[in-house]
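The values are calculated or read from the model by the stated rules, or taken from the named source; none is laboratory data. The model shown is predicted, which means the values in this text are computed figures rather than measured ones. Only protein heavy atoms, including side chains, enter the accessible area calculation; ligands, DNA and RNA are left aside. Shrake-Rupley method; radii C 1.70, N 1.55, O 1.52, S 1.80 Å.
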Amino acid sequence: MTDKKEYLKSYLLQQNKINRLNEMARLNPDSSKRCMNEIEKCKALRIKIENEISAMDDELLKEVLFLKYVCGKNLEEVSYFINYSKRQT
């Protein structure tokens, strides 16, 4: 279970990595091609995670996962959006 959570958490980390790589490419044009390749890998992972969540059958679980791991909402915010108590969420 922990591996799955870490995998889903990596979604938001990819955006930070993309931002860092864009900055590196801007500051060091010689590394631009390598940085762009890494950015594409980050984007591909994000799309893969989005697709895997979207492919789930349970609409409520899909919404919870999307809000938590893609949008970066905390548990309280997630429960508000799905109209459940924090405890139920």
**Request:** Tell me which residues, restricted to the stretch 8-21, are open to solvent by 70 Å² or more (accessible area, probe 1.4 Å) and farther than 12 Å from Lys43 by Cα.
**Result:** Lys9, Arg20
**Complete:** Counting only residues in the stretch 36-78 that are of a type in the set (Asp, Glu) and not in a helix (DSSP H, G or I), the one least open to solvent (accessible area, probe 1.4 Å) is identified as Asp58
